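Structure first, then comments.
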Amino acid sequence: MTPALWLDAGVAAGGLLALLLLLNGGRHLRRRRYARGSVHGLGGLVVGFAAAIALLIGINLLTYARFNAEEPVGEIGFVGVGPQRYDVTLARPDGHTVDAELTGDEWEVDARIIKWKGLGTLLGLPPLYRLERLSGRYQSIAQARRERESVVALSRPRGLSLWDIAHRQARWLPLVDASYGTATYLPMADGAQYEISLSPTGLLARPANAAARKAVAGWE
C-alpha cells in the first residue's frame with residue numbers, strides 16, 4: 001500500500017469514528033442523557049480534530065521522498081550566457097526538470113531532512129527528504145552584498161509542515177528529528193555537469209564530466 005493510500009485509510013477511519021461519536025452523542029442528548037452525550041460529542045470533536053491535523057501533516061509529508069542509503073536526487077548542468085550568468089537545468093530522478101538562470105560563481109542546492117527517533121527508529125520508519133531551493137553564490141563577499149541573489153524554489157509545500165513543528169517544538173514530538181537541513185555547493189562553469197546525491201550524512205555533489213572536473217580542480 002502506498003503512503004497516500006495509508007493516509008487516506010487512516011484519515012477515513014478517524015473521520016468515521018468522529019462521525020459515529022458525534023451521532024451517538026446527539027442520540028444521548030435527545031434522550032436527555034446529558035453527561036454521556038457530552039462525553040461522546042466531545043470525543044467526536046477531539047477525534048475529528050486529530051484526523052484533520054493528521055490529514056494536513058500527511059499531505060505535507062507526501063511532498064518528501066524516502067531514502068535509506070546514498071541515492072541520486074538529481075543531475076545539474078550549466079550553459080554560460082554571460083559574465084557570471086548561467087542557464088541551469090536540474091533533472092530529478094522522477095523525470096521532473098527545473099530550468100532557471102543563476103548568477104554568481106558557484107551553485108548551491110539545499111534540502112530539508114526528517115529523521116525518526118526512539119519508537120520511530122524501532123519501527124523502521126525511513127528518513128525523508130525534500131529539496132528546497134537552488135541558488136547562485138558569489139565567491140567575493142563584497143560582490144555578494146552588492147548583487148541581487150538568484151534563488152529558485154524546488155518544492156511547493158502543502159499542508160501542515162511537520163518539519164517546522166518539530167524544529168520549533170521538539171519536546172512535543174519526541175519521535176521526530178528535524179534539527180537540521182543540508183546543503184552542497186560547487187563552482188558553475190560553461191558545459192559543466194554534476195551529479196547530486198543524498199546520503200545519511202547529507203547532500204553530496206560530484207563532477208559528472210570533464211568541464212565540471214576542470215572547474216573543481218581550479219576552484220579556490
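The values are calculated or read from the model by the stated rules, or taken from the named source; none is laboratory data. What you see is a predicted model; the values in this text were computed from it and never measured. Cβ placement follows ideal geometry from the backbone for every residue including glycine, while neighbour counts extend to all protein chains displayed.
Go through the range 181-220 and tell me which strands (runs of 3 or more DSSP E), entirely inside it, have 2 or more residues that are among the hydrophobic types (A, V, I, L, M, F, W, C) and crowded, with 18+ Cβ neighbours inside 10 Å.
Answer list for the range 181-220: 193-199, 202-207.
Evaluate the following for Thr121: is it modelled with pLDDT of 95 or more and either in a strand (DSSP E or B) or more than 27 Å from Pro207 (Cα to Cα) (or both)?
no
Does the range 79-94 contain any residue that is at positive phi, in the same structural domain as Ala208 (by TED's automatic domain parsing) and modelled with pLDDT under 70?
no
Report whether or not Ala111 is surrounded by 15 or more Cβ atoms within 10 Å (Cβ to Cβ), closer than 30 Å to Ala208 by Cβ, modelled with pLDDT of 85 or more and over 14 Å from the mean Cα position of the chain (by Cα).
No; evaluated as a whole, the condition is false for this residue.
Looking for something assigned by TED's automatic domain parsing to the domain that holds Leu186, part of a helix (DSSP H, G or I) and modelled with pLDDT under 90 - is there at least one such residue anywhere in the range 127-143?
For the range 127-143, residues assigned by TED's automatic domain parsing to the domain that holds Leu186, part of a helix (DSSP H, G or I) and modelled with pLDDT under 90: absent.
Taking the conditions exactly as written (modelled with pLDDT of 95 or more and more than 18 Å from Gly74 (Cβ to Cβ)), does Ala210 satisfy them or not?
Spelling it out, Ala210 is indeed modelled with pLDDT of 95 or more and more than 18 Å from Gly74 (Cβ to Cβ).
Hey, among the residues in the range 144-158 that are modelled with pLDDT under 90 and surrounded by 13 or more Cβ atoms within 10 Å (Cβ to Cβ), which one's farthest from Met188 (Cα to Cα)?
Per the stated criteria, the residue is Pro157.
For the structure I just gave you, tell me whether Ser199 is modelled with pLDDT of 75 or more, farther than 18 Å from Lys115 by Cα and out of contact with any Pro (no Cβ under 6 Å at 6 or more places or on another chain).
No; evaluated as a whole, the condition is false for this residue.
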